[in-house]
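The values are calculated or read from the model by the stated rules, or taken from the named source; none is laboratory data. Predicted model only: the values in this text are computed from it and were never measured. Backbone-built Cβ (ideal geometry, glycine too); neighbour counts: all protein chains shown.
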Amino acid sequence: MRYAKAVAEPSRTGEKRFLGIPVARGVGRGRLFVFHPTASRTVPQYGIRDGDVPEQTQKLEHALLRSREQIHNIQKRVRENMGAKDAAIFDAQLLLLDDPVLLEEVVRYLRRERVNVEHAFSVVSHRYLAAFGAIDDDYLRERMVDMRDVVDRILHNLLQREGPVGLADLREPSILVTDDLTPSQTALLDRGLILGFATDQGSHTSHTAILAQSLQLPAIVGLRNASRQLRSGQYALLDGFNGALIVDPTDQTLFEYGQLARKQLAREDRLRELRDQAAVTLDNVGVTLSANIEQTAETAAVKDKGADGVGLFRTEYLFLNRETTPSEEEQYQAYHRVATDLHPSPVIIRTLDLGGDKVQSERTLPVEMNPFMGLRAIRVCLQQHGLFRTQLRAILRASAAGNVKMMYPMISGLDELNQANRLVEQCKAELRQEKVPFDPDLEIGVMIEVPAAALIAETLARRVKFFSIGTNDLIQYALAVDRLNPQIAHLYQPTHPAVLHLIKRTIDAAHQHGIWTGICGAMAGDPVLVPLLLGLGADELSVAPSLVPAVKFIIRRLKSAEARALADFALGCEDLNLILERCQALAEDIAPDLFANDNPTA
Ligand code: PEP
Ligand code: MG
């Protein structure tokens, strides 16, 4: 992983290169699909005369007609590709389009206020959405997602904007270009139609990076305003090694990248051979190499890539794009499926990490000025006991499989751990009474993501069975660098001495109390940094399934003494760049084949 600055670069040859931050390796080529979520656009507002009302009304009728046509087309495609059940989802959207109340209300508003139809529609539809969201009815709240989609679509058509309205308009395999991709948008993506991602915002640990790694697709983030300069349909190459999006590539560039892609495939073939080999160093020190997953279906990739189980199951993805939370039974089915699919390998289920950039809906969590410092993760769960207990019961029931462990995200103090554990005990008592089986010895760990938790690691270590260091957040909180902000991506430095000392302190405290420490942030999946983390004493690394082979490869080329010497050097060094250089030198020395051939002109 490189930590580059994002810049745009003109070219002599007619092709245009946009440079950003490479976050998932590989090369993609194909047409661009440029997606601008309507919500982020400004809607013009201007006055109209009485005589303009018929024309404005007609505009709205046209937009409704066009929206209906588009939804019918999407529905047809979904029916052909995914079956009638999935296509029926769009019936709800068509029904909303046919609802005369919204239309009448908009016309009344524009006549009364003498404003243009786009503005009138925007005001009225947002009131409508707010009223809908406030009704205490699960079914109606579920319909909010459809409602928002329809409102966005009508507004897009009213504004006569070019290009796709929503991600559902994606029809052919394309490179997705957008300002930013939220976790809920990505959950709606037809993943089979994506060749790669290029976003204006984001950094190494943003959701786009995590998703691209789990889908094994190339990705670049931090392209600043590229999405505003590009159009859907343009042909491009996406270089996830070097962070370049090359639009209208010349024949020479296409040739060079063709070579690069072939070399990459050959390298992947070699790495595939490691699938059934253990993650051990040359001097036979074993490391647990687990995978991070977000969806139940990813268990296939966990096995296919040869991971030792799941080190982080990000359960919040089950909660996105819906207004109601999944029931205990639905959650149980998901956790049970992952546990039994991978049995006897361990599966660490992380309790809900909603908040930050992962928001379920406006209704469940308030909009905050500083969401990463706000109501997030364990803080949400300890405020909403019903939500938390439902999940705890589902995890406990799934633990009957025997290979489940559980951890709490974003713990910052002992009190939170104690409160969470008390709720677990209550849930266990209930299940016992109901004679529902669960693992009475379910191991509970905490994520170390907040510097305060690292500093009180001894206190926490006495009360839990393991630690898992979430470096994505630990770095952002230790260095006060928003992990999603490309403007300061260059300040997001995993080798910063402060970060390394926090990691070391955590691991030492764990070992003193006889428990183990894993690392599940993006740092663990960067082969360059793997020797350093092992030298610091990490017992487990948990990475995106697609990164397992490369991490295993470097572990198998490493001697533990080299790793320890690197860590000793790093802990005594004041210069983060020097530490990074040493890490790079060691990695390239022991595993040159892993880093060669990344540059098309090399
Ligand atoms: C982390 O913070 O490193 C982590 C693994 O959790 P997430 O990326 O889901 O916040
Ligand atoms: Mg985290």
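Taking the stretch 184-220 as the region of interest, how many residues are under 24 Å from Q264 (Cβ atoms), at pLDDT 75 or above and in contact with a strand residue (DSSP E or B) (Cβ under 9 Å, 6 or more places away or on another chain)?
Count: 25.
Are any residues in the stretch 110-122 assigned to a helix (DSSP H, G or I) and surrounded by 18 or more Cβ atoms within 10 Å (Cβ to Cβ), and if so, which ones?
Hits for the stretch 110-122 are L110, V117, E118, H119, A120, F121, S122.
If you check A300 against the conditions, is it modelled with pLDDT of 90 or more, in a helix (DSSP H, G or I) and either within 16 Å of ligand 2 (Cβ to nearest atom) or in contact with an Asp or Glu (Cβ under 9 Å, 6 or more places away or on another chain) (or both)?
So A300 passes the test.
Residues in the stretch 378-385: is at least one within 15 Å of ligand 1 (Cβ to nearest atom) and either exposed (fewer than 14 other Cβ atoms within 10 Å of the Cβ) or in a loop (DSSP other than H, G, I, E, B) (or both)?
So far as the stretch 378-385 goes, no, none of its residues is within 15 Å of ligand 1 (Cβ to nearest atom) and either exposed (fewer than 14 other Cβ atoms within 10 Å of the Cβ) or in a loop (DSSP other than H, G, I, E, B) (or both).
Within the stretch 310-348, how many residues turn out to be away from ligand 1 (no atom under 16 Å from the Cβ) and not polar (S, T, N, Q)?
18
Just the residues that are surrounded by 19 or more Cβ atoms within 10 Å (Cβ to Cβ) and farther than 21 Å from G572 by Cβ, please, taken from the stretch 483-505.
Within the stretch 483-505, R483, L484, P486, A489, Y492 qualify.
Report those helices (runs of 4 or more DSSP H) wholly inside the stretch 505-578 carrying at least 1 residues which are within 16 Å of ligand 1 (Cβ to nearest atom), under 21 Å from the mean Cα position of the chain (by Cα) and within 25 Å of L265 (Cβ to Cβ).
Once the helices (runs of 4 or more DSSP H) in the stretch 505-578 are filtered for at least 1 residues that are within 16 Å of ligand 1 (Cβ to nearest atom), under 21 Å from the mean Cα position of the chain (by Cα) and within 25 Å of L265 (Cβ to Cβ), what remains is 548-556.
Restricting to the stretch 69-88, and then to whatever is in a helix (DSSP H, G or I) and farther than 17 Å from L170 by Cα, can you tell me which residue is modelled with the highest pLDDT?
A84
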